[in-house]
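The values are calculated or read from the model by the stated rules, or taken from the named source; none is laboratory data. Computed from a predicted model, the values in this text were never measured in an experiment. No Cβ is skipped: glycine too gets one built from the backbone with ideal geometry, and neighbour counts run over all protein chains shown. Side chains are part of the model used for accessible areas, which takes the heavy atoms of the whole protein and leaves out ligands, DNA and RNA. Shrake-Rupley method; radii C 1.70, N 1.55, O 1.52, S 1.80 Å.
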Amino acid sequence: MDGRVSGGDTITISARGWYSAEIDGETWSTSEMTIRNLRIKIGEASLDVSNVVSVEVMGGNLQAVVKMPAASKAGQVSGSIGAQLEGVQKISRFVFLYFKSPRLTSV
């Protein structure tokens, strides 16, 4: 996954295998995100629920669409997504790459 250093991009984080494959189409409300203790961290930034556009279960995978925070510099950062499901704290880790937006220097 990647996005601009300036932030603001929306990305989809998929946590695979969190549910059985038969569970499909479940959507989490904002209150469910809070109750299930949804936590998303990208680099040093912990995302607030207000940065989460949507969370749903598709084919047994949890898919969270989030607005990316800005970064201080380009490069690779570690990320994680976690939530409480049926009394068990689940967590998945991923890598995110921040890049500088390309500039047109001449035509």
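In the stretch 62-74, the residue that is farthest from the chain's Cα centre (by Cα) out of those that are more than 15 Å from residue 10 (Cβ to Cβ) and open to solvent by less than 40 Å² (accessible area, probe 1.4 Å) is 71. All of 77, 88 fail the test of being of a type in the set (Val, Ile, Thr) and surrounded by fewer than 15 Cβ atoms within 10 Å (Cβ to Cβ), apart from 88. In the stretch 3-17 there is at least one residue matching the filter, namely being part of a loop (DSSP other than H, G, I, E, B) and in contact with a Pro (Cβ under 6 Å, 6 or more places away or on another chain).
Residue-level check: of (1) in contact (Cβ under 8 Å) with a residue 40 or more places away in the chain; (2) surrounded by fewer than 17 Cβ atoms within 10 Å (Cβ to Cβ); (3) touching an Asp or Glu at 6+ places or on another chain (Cβ under 9 Å), residue 59 misses just (1). If the condition is being part of a loop (DSSP other than H, G, I, E, B) and modelled with pLDDT of 90 or more, then the stretch 78-107 contributes only 100.
Every residue, every condition in (1) more than 16 Å from residue 92 (Cα to Cα); (2) in contact (Cβ under 8 Å) with a residue 12 or more places away in the chain; (3) open to solvent by 80 Å² or more (accessible area, probe 1.4 Å); (4) in contact with a Lys or Arg (Cβ under 7 Å, 6 or more places away or on another chain), yes or no:
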| residue | (1), (2), (3), (4) |
| --- | --- |
| 18 | no, yes, no, yes |
| 23 | yes, yes, no, no |
| 27 | yes, yes, yes, no |
| 34 | yes, yes, yes, no |
| 37 | no, yes, no, no |
| 42 | no, yes, no, no |
| 49 | yes, yes, no, no |
